[in-house]
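Undergrad: Dumping the structure here so I can ask a few things about it.
A short reminder: the numbers here are calculations on the coordinates, not readings from a lab. Just so we're clear, the structure is a prediction, and the values are computed from it rather than from any experiment. Positions of Cβ are backbone-derived with ideal geometry, glycine not excepted, and every protein chain shown enters the neighbour counts.
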Amino acid sequence: MGPPHSFDAAVYDGEVTAPFARESRDARIQLAVVVFAALLVRLLLAPRYFGWEEGDYGNLMMIREVIDSKFTWFRSAHMPGWYSLGAVARLLGGGAERGPALAMTMGFSIASVGLATALARRLSGGSAAWLVGLWLVFQPEMALYGASTLRSPVFTCLGLAALVLLLRGRQAGHAVTAAAFLVRMEAFFVFFIPSLFAWGRQRGRSWVRLLPGVVLLAVTVASWQLYISVAQGETGPFFAGPLGQNRPEGVSLWDFALNGAATAWHLATWTLPRKVSWTALVLAGIGLTSVLSGFGRAGGRSVAGYGLFTLGFWLAEGFISQQDPNHNLYWVWLMPALPPLFLLAGVGWQWVEERLSPLPRAGRAALFGLVLLSAAPSFLSESRYQMERSEAWYRPQLELSRWLETNARPGAGMILGSIPEVWVQRRAHAFRVTSWWFLPPSLKEKPKEQFGAFLVDQRVDYVMWFAEEWTEASAFAPWLADGAPVQAGPARLVPVDREDGYGWILYVVERSGEDPPPRPPAFGSGAVVGPGWGA
């Protein structure tokens, strides 16, 4: 892309002139300040944020699976990239479980902020880079998920890195796009086409020049499809399961379309402003309109292509899944759209800034400060909401999980779900942990006496019942929903802990003639608060 246009000719007899040297120095200082701020914010959040959901914890379990298989087996519903990187980090970290994976994800999150800041400076100038960089430092999903063990920060960073490389005319951008696909399969829909578009705009629209990128991306997709078809024995395209998993059933095509359109509308007009602020959306709209009309430096239209594809796919996910607009799946699905959206907002600010040039410098600075800070209420309220939710819903499950693996009897059987199921299995142990999903299907059709006989036969000590339908607990044991003691044939199930926000009840299983299993403290009710990540 080259340096900003006002300094293109700032070289004389091999000597860099003062304006260009000053610009280079200012860019380095700006980048260092923003990156340090991103690091500090994420370090402060990491011990205080207890996750987006069970995904943060399940990722640690899947790292162990990758290591146990010597990097030969991966779950077909989860792309192998993050777990492979996490497994390497764990091996390099001496076997520590959360720390290396957290550091790896945090590093990618910080890199996203740095890349976006540098790109914004080239596209729109220094003030726009401050706007983009600082907004990405504090934006709730970028900050909170960058302080977790989720995959999306890595996925988002790879997509942005590919854009930067492609704008610089580097074919390596296609390889990075392929790597993004191996982290989350959404890259197939949100990154592949804009990556080819970005390359075409920079290097000409000749199909011959596009061919290497097309081939590389196609081979990567075909290789993953071959793996899940041959090694996993699954039929159908790789994306069929995940796309259909959250799609509503039993509605007419017309009602489906109406409900989908309503969901997408609420995502665009209610969820998105909460996440990024109306200021950012207005500036992004100005930026999109201006780059399409030819305003700005080279690369703006490529950024617009990334923004339209990532945001459009997010709205399409809402159209298909039709969850409540405040469902947390939409929060994590939004992440790839955030850097392009803010980059367009940076272009929008550049357009506004040029029209403010008649104002005194102090007036322009004051207006910039107001614009920068106008996003703070949205960022603060949404961050507080998510942190309070994680404290109330996910921390008790973490505390209970730690208690179980420390205090349960050796070899104890457990029927678990959500965070406890995957947390206990993140390391080798002597417990016999079973998910509700993997219980014999015939138990759904049997009375509770049969279920109790199964618990006694399998020597199960703990049953953790969940209200969430996806856990299958309500399908197997709807009679546990009341949270009262139940005599189920030869087994007596006694409730010992519960948390009604997320919706779970822990039962101990008492078997005649045996000592009852150890009972945990009341983590779910909040009567006892454990050490959190400090344990």
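Undergrad: For the pair residue 328/residue 494, report the inter-label distance in nm, with labels modelled 7 Å from Cα in the Cβ direction.
TA: It is 3.2 nm.
Undergrad: Rounded to the nearest 0.05, what FRET efficiency is calculated for residue 442 and residue 235 with R0 set to 35 Å and r the Cβ-Cβ distance?
TA: Once the sixth-power term is evaluated, E becomes 0.85.
Undergrad: When a footprinting reagent is the concern and you count Cβ atoms within 10 Å, what order do 497, 457 take, fewest first?
TA: 457, 497
Undergrad: Right, another one. Could you derive backbone 3J(HN,Hα) for the range 74-91 from the dihedral phi with the Karplus parameters 6.51, -1.76 and 1.60 (θ = phi - 60°), listing whole Hz in sequence and x where the residue is Gly or Pro?
TA: Result, rounded to whole Hz: 9, 5, 5, 7, 10, 5, x, x, 4, 5, 5, 4, x, 5, 4, 4, 5, 5.
Undergrad: Right, here's the next one. Would you mind calculating the gained length between residue 453 and residue 293 on full extension (0.36 nm times residue separation, minus the Cα-Cα distance), in nm to one decimal?
TA: 50.4 nm
Undergrad: Let me ask something else. Loop only per DSSP, at most 16 neighbouring Cβ atoms within 10 Å: give me the trypsin sites (Lys or Arg not before Pro) in the range 131-216, ordered by residue number.
TA: Listed in order of number, the matching sites are 168, 170, 205.
Undergrad: I've got another one for you. How long is the gain from residue 512 to residue 253 if the chain were fully straight, where each residue apart is worth 0.36 nm and the alpha carbon distance is subtracted?
TA: So the chain would gain 87.8 nm between residue 512 and residue 253.
Undergrad: Roughly how tilted is helix 253-266, in degrees to the nearest 10 and between 0 and 90, from the longest Cα axis of the chain?
TA: 60
Undergrad: Okay, next question. For the chain, build the charge dipole from Cβ charges (+1 Lys, Arg; -1 Asp, Glu) around the Cα centre, then report which of 220, 292, 394 sits farthest towards its positive end.
TA: It is 292.
Undergrad: With contacts defined as alpha carbon pairs under 8 Å and 6 or more residues apart, what's the relative contact order of the range 5-391 in percent?
TA: Normalised by residue count, the contact order of the range 5-391 is 20 percent.
Undergrad: Just want the ordering: 224, 254, from fewest to most Cβ atoms lying within 10 Å of their own Cβ.
TA: Final ranking by Cβ density, sparse to dense: 254, 224.
Undergrad: Still on this structure: List, in order, the whole-Hz ³J(HN,Hα) value for each residue of the range 184-194 obtained from phi through the Karplus relation with A = 6.51, B = -1.76, C = 1.60 and θ = phi - 60°; use x for Gly and Pro.
TA: Once θ is set to phi - 60°, the couplings for the range 184-194 become 9, 5, 4, 4, 4, 9, 9, 10, 5, 5, x Hz.
Undergrad: Let me ask something additional. May I ask you to list the aspartates and glutamates whose Cα is less than 13 Å away from that of residue 444, ignoring any residue fewer than eight positions away on the same chain?
TA: Partners within reach: 472.
Undergrad: Also, I was wondering about something else. Could you state the number of Å between the C-alpha centres of the range 309-376 and the range 464-535?
TA: What the calculation gives is 44 Å, centre to centre.
Undergrad: Please work out the Cα center distance from the range 27-106 to the range 109-159, rounded to the nearest Å.
TA: 17
Undergrad: Another question, if that's okay. Could you pull out every one of the aspartates and glutamates with an alpha carbon less than 14 Å from that of residue 275, ignoring same-chain neighbours closer than 8 positions?
TA: Answer for residue 275, where 14 Å is the Cα cut-off: 141, 382, listed by chain and number.
Undergrad: Which residues' amide hydrogens lie under 5 Å from the amide hydrogen of residue 524, considering only partners 5 or more residues apart or on another chain, with H built in the peptide plane?
TA: 498
Undergrad: Does the range 90-248 come out rounded, prolate or oblate by the C-alpha gyration tensor, with a ≥ b ≥ c the root eigenvalues, rounded set by a/c under 1.5 and, if not, prolate when a/b is larger than b/c and oblate if not?
TA: Oblate shape, in that a/c is at least 1.5 and b/c is the bigger or equal ratio.
Undergrad: OK, next. What's the angle, to the nearest 10 degrees (0 to 90), between helix 99-124's Cα axis and the longest principal axis of the chain?
TA: 20
Undergrad: Also: By the gyration tensor of its Cα atoms, with a ≥ b ≥ c the square roots of the eigenvalues, what is the shape of the range 207-328: rounded for a/c under 1.5, prolate for a/b over b/c, or oblate?
TA: In terms of gyration-tensor shape, oblate.
Undergrad: Give me the dipole magnitude in Debye, nearest 20, for the chain about the Cα centre, with unit charges on the beta carbon: positive for Lys and Arg, negative for Asp and Glu.
TA: 1760
Undergrad: In whole Hz, what ³J(HN,Hα) sequence does the range 379-396 give by Karplus (6.51, -1.76, 1.60; θ = phi - 60°), x for Gly and Pro?
TA: Running phi through 6.51 cos²θ - 1.76 cosθ + 1.60 with θ = phi - 60° gives 4, 5, 5, 6, 5, 4, 4, 5, 5, 5, 5, 5, 5, 7, 9, 9, 4, x Hz.
Undergrad: While we're on this one: Of 131, 152, 440, which is farthest along the charge dipole of the chain in the positive direction, counting Lys and Arg as +1 and Asp and Glu as -1 at C-beta?
TA: 131
Undergrad: From the convex hull of the Cα coordinates of the range 294-355, what is the mean projected area in square nanometres?
TA: 4.9
Undergrad: Separation between the residue 265 and residue 387 pseudo-spin-labels, each 7 Å from Cα along Cα→Cβ, expressed in nm?
TA: Going by the 7 Å Cα→Cβ label model, 3.6 nm.
Undergrad: Separate question: In deg cm²/dmol and to the nearest 500, what is the mean residue ellipticity at 222 nm of the chain if only DSSP H runs of at least 4 residues count, each as -39500 (n - 2.57), divided by the residue total?
TA: Estimated from H runs of four or more residues: -19000 deg cm²/dmol.
Undergrad: Which residue, 420, 525, 110, has the largest displacement toward the positive end of the dipole of the chain when charges sit on each Cβ (Lys, Arg +1; Asp, Glu -1)?
TA: The Cα lying farthest towards the positive end belongs to 110.
Undergrad: Quick one, which of (1) 1.24; (2) 1.14; (3) 1.08 is the actual Cα Rg over 2.2 N^0.38 Å calculated for this model?
TA: Computed from these coordinates, Cα Rg over 2.2 N^0.38 Å corresponds to label (3).
Undergrad: To test your reading of the geometry: what angle, between 0 and 90 degrees and rounded to tens, separates the Cα axis of helix 448-457 from the longest principal axis of the chain?
TA: Compared with the principal axis, the helix lies near 90 degrees.
Undergrad: Now a separate question. Please work out how much length the chain gains when fully extended from residue 519 to residue 69, using 0.36 nm per residue of separation minus the C-alpha to C-alpha distance, in nm with one decimal.
TA: Fully extending the segment from residue 519 to residue 69 adds 158.5 nm.
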